[in-house]
1. Using just the helices of the chain, give the 222 nm mean residue ellipticity in deg cm²/dmol: DSSP H runs with n ≥ 4 each add -39,500 (n - 2.57), and the total is spread over all residues, rounded to 500.
2. For region 203-248, what is Rg from Cα atoms divided by 2.2 N^0.38 Å, rounded to two decimals?
3. Would you work out the charge dipole size for the chain about its Cα centre, treating the Cβ of every Lys and Arg as +1 and the Cβ of every Asp and Glu as -1, and quote it to the nearest 20 debye?
4. Just the projected area, averaged over all directions, of the convex hull on the alpha carbon atoms of region 161-214: how many nm²?
5. In whole Å, what are the Cα extents of the chain along the three principal axes, biggest one first?
6. What number comes out for accessible area per residue over region 127-266 if the probe is 1.4 Å? Units Å², please.
7. Per the Kirkwood formula on distinct C-alpha pairs, the Rh of region 127-266 is how many angstrom?
8. How long are the semi-axes of the equivalent ellipsoid of region 1-119, defined as square roots of 5 times the Cα gyration tensor eigenvalues? Whole Å, largest first.
Amino acid sequence: MFKALVVEKNEEGKTSASVQELSLDQLPAGDVTVAVEYSTVNYKDGLCIGPGGGLVRNYPHVPGIDMAGTVEASDDPRYKAGDKVVLTGWRVGEAYWGGYSQKARVKADWLVPLPDGLDTRQAMAVGTAGFTAMLAVMALEDHGIKDGPVLVTGAAGGVGSVATAILSALGHEVAAVTGRPETADYLKSLGATQIVAREEINETTKRPLEAEAWGGCVDAVGGDMLARVLGQMKYGASVAAVGLAGGAGLPATVIPFLLRGVNLLGIDSVMQPYDNRVRAWQRIAKDLPMDKLEAMVQPATLSDLPDLGRGILKGQVKGRIVVDLNA
Ligand code: NDP
C-alpha cells in the first residue's frame, strides 16, 4: 500500500481532496512504475485540487503535474529499475494520474532521465514552473536578447523566481516586476538588479508605444501587464509569454509588432518533444545556481496540499513549493 492525494466528485458534483491509501493494482496502465520522491505545487495544481476540479478530466483523480523519483519497474527498454527520472507535462495530473502519490505508473515517452548534477529534490524545486522558465529563456536566446534589462513579470512566483535566477546567472540585468514589495530582498538575492512595482507597468499611459526599456521579457502574468510591456520593448526584442496569472485577455494593439518589430513568443511546456526536454533539463543543471534554487524552496507534505492549492490561486506563494512524498 502507498499514500496518494485523491480528488473525488460526489453525486452533487462537489469535489473533495483527501490523502488515501492505494494499492499498486489501482494505478492506471503504463510502461514504467515510478517510486515518486518529490512533486510540486503549480498554478494548474491549484485549479485541480480546488473546488470544481479545474482541469481534471476524470474521477477519482490523483493530481500533481510533475514528479521526480526512481524507476521501480519498467516494460520499456529505455528505463530500468533504479534509474532516476523526472516528468513534466503531457497532461499528467489533469487527464492522467500525477505526482501526488508515492507510486505512479506512466508512459515511458513522458519521462526524461535526471541530468547529471541534479538530484530528485532539486529537480522538483525546479519543477514545471522552472522548466518553463528555462524554455522561455531559451526562446529569448534563440531570437536574440537585446542590450538593457530583461523584464520578468510575476517575479516572486515560481516561473518568475527561476527565470530571475537563470537570467542573472547568465549575466543579464534583471528587472523583476512584483505586486508584493515585501519580496524585494528575496528577488535581489536571486539576482534581480531592479525591482519594479506591478502598478508601475499596469498604470502606464496605455499608449501603444512608450519609451524603449527592456531587452527581453519573461511574462508569467498576461492580461494588462503583457499588453503594457509589449509597448515598452526595445526595437526587435522578444517577450516569452508563459502564463495568465493576471488574466487571459490581451488588450493590446499591433503597433509594437509593426513599428518596433517586437516578437511575442508563446511558451508551452506540456507537449515539448523529448530532445527539447532533455536540452532544457541539461541547461537547468548547468545554468541555474543551486544556492539560489535552495532560497526559493518551501517544503510541504501531501496533507498540506489543499491549503497550498488555494494559496497559489490567490498569488500568495513565493518561489517553489516542493512536496516530499515520504515526509
Ligand atoms: P505563481 O502563482 O507561483 O506565480 C504567479 C505570479 O504572478 C504571482 O506570484 C504574482 O507575482 C503574479 N500575479 C498573480 N496574480 C496577479 C495579477 N492579478 N496581476 C499581476 N500579477 C499577478 O505561478 P507560476 O509562476 O507557477 O505560474 C505562472 C503562470 O504561468 C500561471 O498562469 C501558470 O498557469 C503558467 N504556467 C504556464 C506554463 C506553460 O507551459 N506555458 C507552465 C507553468 C506555468 P508577484 O507577487 O511577484 O507580483
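1. That comes out to -8500 deg cm²/dmol.
2. Working: Rg = 10.1 Å, N = 46, 2.2 N^0.38 = 9.4 Å.
Dividing the Cα Rg of region 203-248 by 2.2 N^0.38 Å gives 1.07.
3. Values: 31 positive and 38 negative charges, 87 e Å.
So the dipole magnitude of the chain works out to roughly 420 debye.
4. Details: hull surface 16.1 nm².
Taking a quarter of the hull surface, the average projection is 4.0 nm².
5. Each principal axis gives a Cα extent; for the chain these are 61, 46, 35 Å.
6. Numbers: 5200 Å² over 140 residues.
Heavy-atom SASA per residue in region 127-266 reads 37 Å².
7. Working: mean 1/r = 0.0698 Å⁻¹.
Its Kirkwood hydrodynamic radius stands at 14.3 Å.
8. Numbers: eigenvalues 125, 43, 27 Å².
Working through the eigenvalues yields semi-axes of 25, 15, 12 Å.
The values are calculated or read from the model by the stated rules, or taken from the named source; none is laboratory data. Treat the numbers as computed from the prediction; the structure is a model and nothing was measured. Positions of Cβ are generated from backbone atoms using ideal geometry, with glycine treated the same way; all protein chains shown enter the neighbour counts. Side chains are part of the model used for accessible areas, which takes the heavy atoms of the whole protein and leaves out ligands, DNA and RNA. Shrake-Rupley method; radii C 1.70, N 1.55, O 1.52, S 1.80 Å.
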